[in-house]
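The values are calculated or read from the model by the stated rules, or taken from the named source; none is laboratory data. All figures in this text were calculated on a predicted structure; none of them were measured in a lab. Here the Cβ positions follow ideal geometry from the backbone for every residue, glycine too, while neighbour counts run over all protein chains shown. Accessible surface areas use protein heavy atoms only, side chains included; no ligands, DNA or RNA. Shrake-Rupley method; radii C 1.70, N 1.55, O 1.52, S 1.80 Å.
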Amino acid sequence: MNRVRAEGAVQSRARFSDRYHAWLRHHRLSAADSLQRVLDNLVSSLMTWLVIGIALALPVGLDVALDNVTELSTGWDSPSQISLFMEEGVSSEQARALAGQIRARDDVDDVLFVSREDALAEFSALSGFADVLASLEDNPLPNLLLVTPAPSADEDGTSGLRAQLAANPDVAEAVLDMEWLQRLNSLMELSRRLVMAIGALLVLGVVLILGNTIRLAIENRREEIVIVKLVGGSNPFVRRPFLYTGLWYGVGGGLSAALLVSLSLWFLSAPVADLAALYQSDFVLRGLGLMGALNLLILGGLLGLAGAWLAVSRHLAAIQPR
């Protein structure tokens, strides 16, 4: 009597460590293969990197410029000064008496009297029109009081002091010398918001550019994707190389943006230094720095992943084996 041994299929499951190492190995292969494909089409890749770099460099460069202007204007914030132009009929003695009254106020730190003669002499020396001014019969400049508010005075207190001094009948006009700086700060805040709006639009444009680039890559590899799905490849398995492709495009675009911004600042650094020297300033343009360039690379990589994810999610599901 023969023994019949029953045989059947044996089901086995891979260990977690094996699956993890396979997953990690596929990530390495996908990253290397996608990078190689990007470098194989170097001309088109360089054009894509340059387009992305220009789109990112514009808002980043404007933001760096605003940061430099902000740094330059920090030395102009203090102290505020109120210029009181006296009425034409106010004599020097009356102006000095008014200066003493103002100096006695608790919200005033100091008052400097500038006579109309001293003002004319200073203007003649600085303007270069000494001969013309000497030919005038009368001095057109009024007496002047330069009022420095107390250090504890805030913006509202300084504005209130200016309004009170302007109400004096001997004062023709009261000018707060820091008003131009307040206008500059308001203009810079508006400019920063405009840069943010432009940056948001350009970032959206970068995502769309990368999405279209990945879509073309998906169409070029349609048959390969169909075969992979026929043998059981999952959507995450098929999606992975395209995500890395978007990552490489994004990182390359971020690197291009950092180089463009750095080159632009280097090109402008010498004229800015010469201009600052004319005003006895040691101001130099501040660039991106290492962290700024690294942030651009990270931003480019994230935008590349976002664009690739949008393109793959939309087009990969439409490719199915028939």
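Per-peptide packing, taken as the mean over residues of other Cβ atoms within 10 Å, places 92-103, 185-196, 209-220 in the sequence 209-220, 92-103, 185-196 from highest down. Taking θ as phi - 60° and the Karplus parameters 6.51, -1.76 and 1.60, the scalar couplings of the stretch 40-50 work out to 5, 9, 5, 5, 5, 5, 5, 5, 5, 4, 5 Hz in sequence order, x denoting glycine and proline.
Taking all protein chains together, 88, 173 sort by accessible area into 88, 173, largest first [probe 1.4 Å].
What spacing in nm lies between the two simple spin-label points modelled at residue 69 and residue 152, each 7 Å away from Cα in the Cβ direction? Label-label distance for residue 69 and residue 152, simple model: 3.6 nm. Considering only alpha-carbon pairs that sit under 8 angstrom and 6 or more positions apart, the relative contact order computed for the stretch 141-279 is 13 percent. Here the simple spin-label model places points 7 Å from the Cα toward Cβ, and for residue 117 and residue 36 these points are separated by 9.1 nm.
Residue 309 sits with roughly 130 Å² accessible to a 1.4 Å probe, with DNA, RNA and ligands left out of the calculation.
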